[in-house]
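See structure below.
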Amino acid sequence: MTTVLSVERLALSRGGRLVVSDVAFRIESGEALLVTGPNGAGKSTLLRALAGLLRPSSGTIRLVGPQIDPDDPPGLYAHYVGHADALKSALTARENLAFWGAALGRARTADPVDALQRVGLPHVADIPAGWLSAGQKRRVSLGRLFVAARPVWILDEPATALDKASQSRLADAMAEHRASGGLVVAATHAPLGLEDAHELRLGEAP
């Protein structure tokens, strides 16, 4: 059975101001959507709504597929990696990913050390996150994608602070996720290796 994420006539407001209106798209297993547009167009706002962190003003967000309860909010089945790295500075890289694995995981897919291996950082497992560089923190944050299985990956500028080798690892991880039937929604200004993705451009003049 195919997993389908669909959005219809979605409108989103922040602070009483309409930010996004009349947004619609549909993607299914193995597909990716790139959300593009100028700063302030509402890309991050849209991704936060898809992740269940922002209530729509109107419209619908639906996720259907195997082992998905239609009564659950779609965000319950999504990984969201936003601008913040969401790491506790005093905890080690391993402890941070162990926390996220427990918090996010209905189905655990890798232990924290394996996840750090996936992002090329097995040597920082026992180093407090506060001691890591910006690029290392970003890579540890992306390690969340591997400690719990979720069909939808929602990524907001995921390549920020990543070197070329890490960007390549991310592209490989997204390709593997899609090949296994997962979906990717990403907001980006930079290439992510998703040349075959659908595009939703926000902020276009009518």
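Computed from the coordinates by the stated procedures, all read-outs in this text should not be read as laboratory data. What you are looking at is a predicted structure, and each value in this text was computed from that prediction instead of being measured. Don't worry about glycine lacking a Cβ; one is built from the backbone with ideal geometry, like all the others, and counts go over all protein chains shown.
Hey, could you check segment 50-64 for residues that are part of a loop (DSSP other than H, G, I, E, B) and of a type in the set (A, V, I, L, M, F, W, C) and say which is nearest to His79 (Cα to Cα)? Spell out how you get there, then give the answer.
Within segment 50-64, the subset part of a loop (DSSP other than H, G, I, E, B) is 51-57.
From what is left, the residues that are of a type in the set (A, V, I, L, M, F, W, C) are 51, 53-54.
Details: Ala51: 8, Leu53: 12, Leu54: 15 Å.
Ranking the qualifying residues of segment 50-64, first place goes to Ala51.
I need the strands (runs of 3 or more DSSP E) fully contained in segment 150-206, keeping only those with at least 2 residues that are within 15 Å of Lys43 (Cβ to Cβ) and among the hydrophobic types (A, V, I, L, M, F, W, C).
Strands (runs of 3 or more DSSP E) meeting the threshold: 152-156, 183-187.
Of the residues in segment 130-149, how many are touching a residue at least 60 places away in the same chain (Cβ under 8 Å) and not in a loop (DSSP other than H, G, I, E, B)?
Within segment 130-149, residues that are touching a residue at least 60 places away in the same chain (Cβ under 8 Å) and not in a loop (DSSP other than H, G, I, E, B) number 4.
Please work out which residue is farthest from Pro191 (Cα to Cα), limiting yourself to segment 1-29 and to residues that are of a type outside the set (D, E, K, R) and exposed (fewer than 14 other Cβ atoms within 10 Å of the Cβ).
Gly16
Kindly check whether there is at least one residue in segment 108-129 that is of a type outside the set (A, V, I, L, M), assigned to a helix (DSSP H, G or I) and under 28 Å from Gly42 (Cα atoms).
Within segment 108-129, the subset of a type outside the set (A, V, I, L, M) is 108-109, 111-112, 114, 117-118, 120, 122-123, 126, 128.
The next check asks that each one be assigned to a helix (DSSP H, G or I); those that pass are 112, 114, 117-118, 122-123.
Next, from what is left, pick out any that are under 28 Å from Gly42 (Cα atoms): none.
No; the residues of segment 108-129 include none that is of a type outside the set (A, V, I, L, M), assigned to a helix (DSSP H, G or I) and under 28 Å from Gly42 (Cα atoms).
Residues being surrounded by 21 or more Cβ atoms within 10 Å (Cβ to Cβ) and of a type in the set (S, T, N, Q): count how many of those fall in segment 137-162.
1
Just checking, which of Ala78, Ala32, Ala41, Ala51 is buried (at least 16 other Cβ atoms within 10 Å of the Cβ) and more than 22 Å from Gly143 (Cα to Cα)? Working first, answer last.
On the way: Ala78 fails: more than 22 Å from Gly143 (Cα to Cα); Ala32 fails: more than 22 Å from Gly143 (Cα to Cα); Ala51 fails: more than 22 Å from Gly143 (Cα to Cα).
Of the residues listed, the single one that is buried (at least 16 other Cβ atoms within 10 Å of the Cβ) and more than 22 Å from Gly143 (Cα to Cα) is Ala41.
Please identify the pairs in which a residue from segment 166-183 that is on the phi > 0 side of the Ramachandran plot has its Cβ atom under 9 Å from the Cβ atom of a residue that is surrounded by 19 or more Cβ atoms within 10 Å (Cβ to Cβ), counting only partners at least 6 apart or on another chain.
These pairs meet every condition: Gly181/Thr3; Gly181/Pro151.
Give the residue that is surrounded by the most Cβ atoms within 10 Å (Cβ to Cβ), with candidates limited to residues of segment 54-75 that are farther than 16 Å from Arg150 by Cβ and charged (D, E, K, R). Before the answer, list the steps.
Narrowing segment 54-75 to residues farther than 16 Å from Arg150 by Cβ: 54-60, 62, 70-71.
Retained after the next criterion (residues that are charged (D, E, K, R)): 55, 62, 71.
Working: Arg55: 8, Arg62: 13, Asp71: 5.
It comes out as Arg62.
Residue check: is Thr92 within 26 Å of Glu195 (Cβ to Cβ), surrounded by 18 or more Cβ atoms within 10 Å (Cβ to Cβ) and not aromatic (Phe, Trp, Tyr)?
Judged against the criteria, Thr92 is not a match.
Would you tally the residues in segment 1-25 being among the basic types (Lys, Arg) and within 13 Å of Val152 (Cα to Cα)?
Here the count works out to 0.
Restricting to segment 1-49, what's the tally of residues that are part of a strand (DSSP E or B) and more than 21 Å from Gly193 (Cβ to Cβ)? Reasoning before the result, please.
Going residue by residue through segment 1-49, those that are part of a strand (DSSP E or B) are 4-14, 17-28, 32-36.
Right, trim to more than 21 Å from Gly193 (Cβ to Cβ) and you get 4, 6-14, 17-24, 26.
Of the residues in that region, 19 qualify.
Are any residues in segment 130-156 farther than 23 Å from Leu63 by Cβ and in contact with a Lys or Arg (Cβ under 9 Å, 6 or more places away or on another chain), and if so, which ones?
Residues satisfying the conditions are Gly130, Leu132, Arg139, Gly143.
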